[in-house]
Amino acid sequence: MRKLAGLSPPSGMSKFPSKAHNRSVFISYTAAANAWADWVEAEITSLGLSAIRDVTTWRAGDELQTQINASLRSATVFLSLLTRDYFDVERWTNDEFRAAYGLSRAERIRIVALQVEDIDLPALYGDLLRVDLRNLDESEARRALREQLVGKAAASDLDPQDQSNSVSFPPRTHYEESDMSSSRYLSASRKAALDSLAFVKMNMGDLDSSLIDLWAREATGLSRAYANTAPQIILEKTTTVRAQVQTAIEATRSPSELTDLYRIYAQCSGLLSYATLDLGDTQTSYQHALAMQKSARMGDAEALFAWGAGTQAMILRFEGSFDQSLAVTENALRLSLSSSAAARLHAQNSLGHSEQHAEEATIEAVRLAEEAFASNVKSEKFEVGIFKFPLSKLHYYAGSALLGLDSTHAPEAAENSETAVRLFAHGDPEDRSYSDKLIACIHLATAYLKSDNLDAVPLALRPVFDAPVDFRTAWHFQWLQRLIDSMSASRRYQRSRIAADVAELFEDYKSQKTGIPGT
């Protein structure tokens, strides 16, 4: 597996980024590691380094995301205290690590990961180089930490018994060595159990209902995870689940089982459609969306059928088939839909009209989306995660649609995009989406540009340019290209240093290797 940039232990201070004179360490941790954070902070300051920590550095009343971003930009080291809950999607630490990872790829910060609890790492960070402090006494832990902060050579000159750190060392917890890789073996075992159970039940002609429940939980879990997981990972995991469900559909004869299986198959097809779309393969994505609609009909799941229609409309719009795109959504809107499904389709219509610069139709579609959303018709149980249309998405679509109109709508587009960014980052955990937040940032930058507020453009784009390569999608590139083209076409900005800097950042962004075709 590839190694993540910036994670190797330093041999000396020369491994710090160019801002090494600052020598500040950002401490990232959850409440479970409070005692460790106290000890680490005292150790950092005893070495003459500056510690950046929420409770001792940040000012009350300041916007949290702003403080995190500013602190990360000023730090030379990102020190994470890995606990069981560190990468939970609702935790700030998850966002902090993702941002630091992006900066480490650009060699603007170095990551030091200290494991203080047993933890199952997200697949993206499966090869993270960790320093395990769990079974070390204080002297051993101090030496290991110092080697990471100042390098082995400098650490060897320090007395490992130095008690200058007056904070109590966290209680030592012993772990069996086998715990270190148990999650990997459990994952392989679980897959083997699924495969063998499916094989046995199919050949018996009797499908255990518990297996259907397991597949349903897998599909729902992937639906929830999509917003904050690299599309390549979703693609791999969903392909496995859908293949098992397809085998079950071909073998079972029970009408009730078939209905449930077709619903799960529709969910998996929708996940595959979005993952391949994010990776730039529109043709395959369209085929998955069609499969989603057909299986949703067999499973009597109108919300999933409508979601597939919305995805088809999106692809048709990207290809310039605006009338056909609108026809697909209008046909789906004839169904008896939940407020979430109807709002998504009206929002898709607003983008289709916006692409054609039809101002009245665009504004009306935005209004209908808001009206449908506000009607609060009970959602179907499948409308979770990626299949849900939350408030963040409502503002996201409105901001995008209004950008297609003249500059008088730019302030409203900026307001909606700014709200979407905030909700994607800090709203209800299930309503967040890292990928969509990045696109909303591009929309916000575009709205600023249309309002002649060029100074605000680089700040809005900063999260986009700092995003880890694995989380970039084809749509990030396309929206950025639109922005750069608009900026380049304006005589007003031809001699602007800010415009030149943004264009240069985009060229650097494009030069970084991704798995997306054409990038």
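The residue that is surrounded by the most Cβ atoms within 10 Å (Cβ to Cβ), among those in region 392-435 that are charged (D, E, K, R) and farther than 19 Å from Thr93 by Cα, is Lys393.
Scanning region 262-279 turns up at least one residue that is of a type in the set (Val, Ile, Thr), under 17 Å from the mean Cα position of the chain (by Cα) and in a helix (DSSP H, G or I).
When each of Arg73, Arg84 is tested for being in a helix (DSSP H, G or I), modelled with pLDDT of 75 or more and among the basic types (Lys, Arg), the lone residue that passes is Arg73. Of everything listed in (1) within 15 Å of Asp470 (Cα to Cα); (2) at pLDDT 85 or above; (3) assigned to a loop (DSSP other than H, G, I, E, B); (4) not polar (S, T, N, Q), the single unmet condition for Asp127 is (2). Tally up the residues in region 101-122 that are in contact with a helix residue (DSSP H, G or I) (Cβ under 6 Å, 6 or more places away or on another chain) and either surrounded by fewer than 18 Cβ atoms within 10 Å (Cβ to Cβ) or closer than 13 Å to Phe78 by Cα (or both), please. Count: 5. Only one residue in Ser223, Ser285, Ser256, Ser295 is under 25 Å from the mean Cα position of the chain (by Cα) and over 25 Å from Phe87 (Cα atoms), so which one is that? Going through Ser223, Ser285, Ser256, Ser295 in turn, just one is under 25 Å from the mean Cα position of the chain (by Cα) and over 25 Å from Phe87 (Cα atoms): Ser285.
With a requirement of 2 or more residues that are outside the structural domain of Ile233 (by TED's automatic domain parsing) and β-branched (Val, Ile, Thr), the helices (runs of 4 or more DSSP H) lying completely within region 398-473 that satisfy it span 434-450, 457-465.
For region 251-259, the count of residues that are farther than 30 Å from Pro468 by Cα, touching a residue at least 12 places away in the same chain (Cβ under 8 Å), of a type in the set (D, E, K, R) and assigned to a helix (DSSP H, G or I) is at least one. Pairing each residue of region 402-414 that is touching a residue at least 40 places away in the same chain (Cβ under 8 Å) with any residue that is in a loop (DSSP other than H, G, I, E, B) and small (Gly, Ala, Ser), provided the two are 6+ apart or on different chains, yields C-beta distances under 6 Å for Ala410/Ser451. Per the listing Ala243, Ala248, the residue uniquely small (Gly, Ala, Ser), in contact with a Leu (Cβ under 6 Å, 6 or more places away or on another chain) and over 28 Å from Thr329 (Cα atoms) is Ala248. Selection within region 492-519: residues that are at pLDDT below 85 and of a type in the set (D, E, K, R). The member of this set that is surrounded by the fewest Cβ atoms within 10 Å (Cβ to Cβ) is Lys513. Checked against (1) surrounded by fewer than 16 Cβ atoms within 10 Å (Cβ to Cβ); (2) farther than 22 Å from Ile212 by Cα, Ala275 passes all but condition (1).
Can you find a residue that is surrounded by 24 or more Cβ atoms within 10 Å (Cβ to Cβ) and either at pLDDT below 95 or of a type in the set (Gly, Ala, Ser) (or both) anywhere in region 368-375? The answer is yes, given that some residue of region 368-375 is surrounded by 24 or more Cβ atoms within 10 Å (Cβ to Cβ) and either at pLDDT below 95 or of a type in the set (Gly, Ala, Ser) (or both). Residues of region 302-320 include at least one that is of a type in the set (A, V, I, L, M, F, W, C), surrounded by fewer than 23 Cβ atoms within 10 Å (Cβ to Cβ) and touching a Ser or Thr at 6+ places or on another chain (Cβ under 6 Å).
The values are calculated or read from the model by the stated rules, or taken from the named source; none is laboratory data. A quick note: this is a predicted structure, and the numbers were derived from the prediction, not measured. Neighbour counts run over all protein chains shown; Cβ positions are idealised from the backbone, glycine included.
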